[in-house]
Amino acid sequence: MQKMASSSGFLPRNVFSVLALAILLPLLSACGFNTIPTNEEQAKAAWSEVLNQYQRRADLIPNLVETVKGYAAQEKDVLTSVVEARAKATSVQVTPDTLKDPNAFKAFQDNQANLTGALSRLLAVVENYPDLKSNQNFLALQSQLEGTENRIAVARRDYIEAVRVYNTSLKTMPTIIWTWIWYTGNQPYQTFTIDDSAKQTPQVKF
């Protein structure tokens with residue numbers, strides 16, 4: 001009899017716990033408990049794609065510079081500016097905190113914008129060298145660079161939208177409640193704010 005009483009005493013508590021979870025979990029989901037971490041992960045994924053495309057561009061530059069140098073070695077200043085801009089852009093250490101730090105994010109985007117400008121000047125110089133413009137290696141690099149610049153533009157656009165959604169979820173109802181109660185350490189992410197002129201991709205079509 002004592003054992004039966006113990007079992008009957010345990011069962012209601014167990015059933016109550018299960019029922020409480022069954023009721024609570026849908027409520028948490030319905031009121032946006034998972035919205036903030038979901039949006040944050042989407043923003044991080046979009047940022048990773050931005051970094052991937054910028055790295056792809058950086059990887060193309062050494063071959064591009066060497067190819068141009070073979071036909072236009074006298075354009076030393078332009079070539080040097082590209083090499084230095086690439087070195088500066090790739091030397092910036094990007095961490096998860098970069099997205100939350102206005103100064104670190106600005107340093108990153110400014111260096112990438114400077115590299116874009118240096119590439120534009122280099123490709124403008126190519127106009128003066130018809131033999132270089134028709135070189136097969138240069139044409140292949142030109143095509144890859146153009147494709148990469150387009151992918152950078154798309155990746156930036158997707159990141160900006162993902163950050164907009166995430167940042168909005170931190171300060172609007174009902175998800176702002178979870179920012180106050182649970183996700184107190186979450187901060188808005190930085191986004192691209194450079195001038196339109198600096199956002200222009202190098203013109204690589206001839």
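Every number here is computed from the coordinates shown, using simple stated rules; none is lab data. Not measured: the values here are computed from a predicted model. Reconstructed Cβ throughout: ideal geometry from the backbone, glycine too, with neighbour counts over all protein chains shown.
Fully extended, how many nm does the chain gain between Q187 and A140 (0.36 nm per residue separation, minus their Cα-Cα distance)?
Working: separation 47, 0.36 × 47 = 16.92 nm, distance 4.26 nm.
Residue separation times 0.36 nm, minus the Cα-Cα distance, leaves 12.7 nm.
Spin-label pair S48-M173: with each label point 7 Å from Cα along the Cα-Cβ axis, the two points sit 3.6 nm from one another.
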